[in-house]
1. Among the residues of region 42-60, what is the count of those that are surrounded by 17 or more Cβ atoms within 10 Å (Cβ to Cβ) and within 15 Å of Glu111 (Cβ to Cβ)?
2. Just need a number here: residues in region 1-54 that are modelled with pLDDT of 95 or more, in a helix (DSSP H, G or I) and not hydroxyl-bearing (Ser, Thr, Tyr).
3. Considering Thr64, Thr70, Thr79, Thr104, which residue is among the polar types (S, T, N, Q), part of a strand (DSSP E or B) and within 13 Å of Val30 (Cα to Cα)?
Amino acid sequence: MKKLMSWLLVFAMLLSFVPAGATAAGSYYVAGVSDLCGSNWDAGDANNQMTLNEESGLYEKVFTDIPAGTYECKVTDGTWDNSWGTNGQNYKLTTEAYGDVTITFNAETYELGHKLTEK
């Protein structure tokens, strides 16, 4: 019985080190307006899954052929149980030209960013 209690204590301690909202690597998605994402606020759209850029350490998703404009999105874990934007709100971005928009996400700080590659 003591051995079982010891194992349960170790297991409970290990669980306490998993940060709230943590997700498996590569399981982040961009959800937002359809003009940017292709689907409208779909938290787990497989077409919008982000990939890890090993060089920068950031997760990225590139959306191609996006007109100049203002867009809103969030990053999710594939559900609406965990989603990240700016201060609890949607992430807003404005592009000044037509091109490809890369959404970036730092899984450690939960910060979003974007860059435009003009065409």
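1. The total comes to 4.
2. Of the residues in region 1-54, 6 are modelled with pLDDT of 95 or more, in a helix (DSSP H, G or I) and not hydroxyl-bearing (Ser, Thr, Tyr).
3. One residue alone meets the criteria, Thr104.
For (1) open to solvent by less than 50 Å² (accessible area, probe 1.4 Å); (2) over 22 Å from Ala46 (Cα atoms); (3) touching a residue at least 24 places away in the same chain (Cβ under 8 Å); (4) touching a helix residue (DSSP H, G or I) at 6+ places or on another chain (Cβ under 6 Å), each residue gets a yes or a no:
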position: Val75; (1), (2), (3), (4): yes, no, yes, no
position: Ser83; (1), (2), (3), (4): yes, no, yes, no
position: Asn87; (1), (2), (3), (4): no, yes, no, no
position: Glu96; (1), (2), (3), (4): no, yes, yes, no
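The values are calculated or read from the model by the stated rules, or taken from the named source; none is laboratory data. What you are looking at is a predicted structure, and each value in this text was computed from that prediction instead of being measured. When we count neighbours, we look across all protein chains shown, and the Cβ atoms used for this are built from the backbone with ideal geometry, even at glycine. Each accessible area value is taken on the protein alone, full model and side chains, heavy atoms only, with ligands, DNA and RNA left out. Shrake-Rupley method; radii C 1.70, N 1.55, O 1.52, S 1.80 Å.
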